[in-house]
Ligand code: PMP
């Protein structure tokens, strides 16, 4: 491979100086493996970035994309549509909890979150409650990086430098507590932390609040699993005070918990669900917001005359090529029973993860379904251990996502027992080192 000029591409969420000093790149991927431009093989321990649930390089998706590009490469969806978008919306609705069946498309999780915010505002305004403009989210939350999602952010680094332009958000506490350390699955304690929502309703006035956003499992902060009963309590409080409950399922959607959505896995029906990532198995950017029938209906009913009911949408909303990639992905999930496979494989996966418990670098382990968080002992520079370990793991042949002093281990649902063992062997080797 020739020398690459690395000056021009400004990498996101990256220290670009460090990266240029020691670039870590992928040139090829197949199954649960990546290859560097030099030909070195790595196992993918994070499904790319929690997108490639069915593994990389799926020919079915490539073929569908190729066919769609030649058949209808593009249409706007402003006053126009393509049959493929209705087909996809129907397929997504079939996977969702009953009653959440109106689907609005975008290209990224961040777009889905900001679209959901605007839908919440439009819904309350349509019902004569336009004063409900405030939102509630949670400490340590990640809801994308557009302005709405930046406002909701509970990972403070993502919000701090942009606070001048964010909207009005009040944060509940996160749900991780010391006594939950090393609890596998849903922690038994902590449901009462949901009462923060009731306190906020009383303090700020429930009639000023439009909705509450939560990731059912907080992913990007390092996998925080909801305590038993916590989401149920949020649902009850949201109902009591007339708030919309939004589950941000950008990571948990499409089988990661072992059910199609975490909503079904935990038995809670929110009002709105945002999704992206595995919608197209990561192959083409696409996201969606799914809302209850009556939410869309209220907004439609309030529209004046022949005007559009929602002045919102993107050039690439329901892009036909993305729709084709999504349908092909949903076909793979269905035909290969991959959500069921995630559920069946989860105990083996979590056993492997919790087998790392006594290693020198490990301070906590959390996990559910096919996602886990490995909390690391911080170095003298808190918040950087994840990146340090991530770089070492790369050189040992394992790709994982780092966040603060943690790494997120969440392989594809097609990972074999043997491949999982190879991945955890690398984790054991690196996390057992005392000198990092
Ligand atoms: N919401 C959640 C819960 C996420 O995990 C992410 C991305 N990790 C987003 C929103 C933003 O998605 P995107 O990066 O596609 O904008």
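Things to note:
- Unique match (being under 20 Å from the mean Cα position of the chain (by Cα) and over 30 Å from residue 63 (Cβ atoms)) among 306, 301, 271: 271
- Of all residues in the stretch 360-393, those satisfying the criterion of being in a helix (DSSP H, G or I) and either within 23 Å of residue 278 (Cβ to Cβ) or in contact with a helix residue (DSSP H, G or I) (Cβ under 6 Å, 6 or more places away or on another chain) (or both) are 386, 390, 392, 393.
- Top-ranked residue of the stretch 46-67 - restricted to ones that are in a loop (DSSP other than H, G, I, E, B) and away from the ligand (no atom under 16 Å from the Cβ), ranked as surrounded by the most Cβ atoms within 10 Å (Cβ to Cβ): 54
- Residue check, residue 110 under 23 Å from residue 339 (Cα atoms), modelled with pLDDT of 95 or more and within 16 Å of the ligand (Cβ to nearest atom): no
- Residue within the stretch 150-164 that is buried (at least 20 other Cβ atoms within 10 Å of the Cβ), out of contact with any strand residue (DSSP E or B) (no Cβ under 8 Å at 6 or more places or on another chain) and under 23 Å from residue 384 (Cα atoms) present: yes
- Selection count where residues are in contact with a strand residue (DSSP E or B) (Cβ under 7 Å, 6 or more places away or on another chain), under 19 Å from residue 266 (Cβ atoms) and free of Cβ contacts under 8 Å to residues at least 60 places away in the same chain, scope the stretch 200-244: 4
- Qualifying residue in the stretch 295-302 (condition: assigned by TED's automatic domain parsing to the domain that holds residue 137, free of Cβ contacts under 8 Å to residues at least 40 places away in the same chain, away from the ligand (no atom under 16 Å from the Cβ) and out of contact with any strand residue (DSSP E or B) (no Cβ under 6 Å at 6 or more places or on another chain)): yes
- Tallying residues that are away from the ligand (no atom under 16 Å from the Cβ) and either closer than 17 Å to residue 46 by Cα or part of a loop (DSSP other than H, G, I, E, B) (or both) within the stretch 214-245 yields 5.
- For the criterion of being within 25 Å of the chain's Cα centre (by Cα), at pLDDT 95 or above and not assigned by TED's automatic domain parsing to the domain that holds residue 283, residue 408 passes.
The values are calculated or read from the model by the stated rules, or taken from the named source; none is laboratory data. All values derive from a computational prediction rather than experimental measurement. For neighbour counting, all protein chains shown are included, and Cβ atoms are generated from backbone atoms with ideal geometry for every residue, glycine included.
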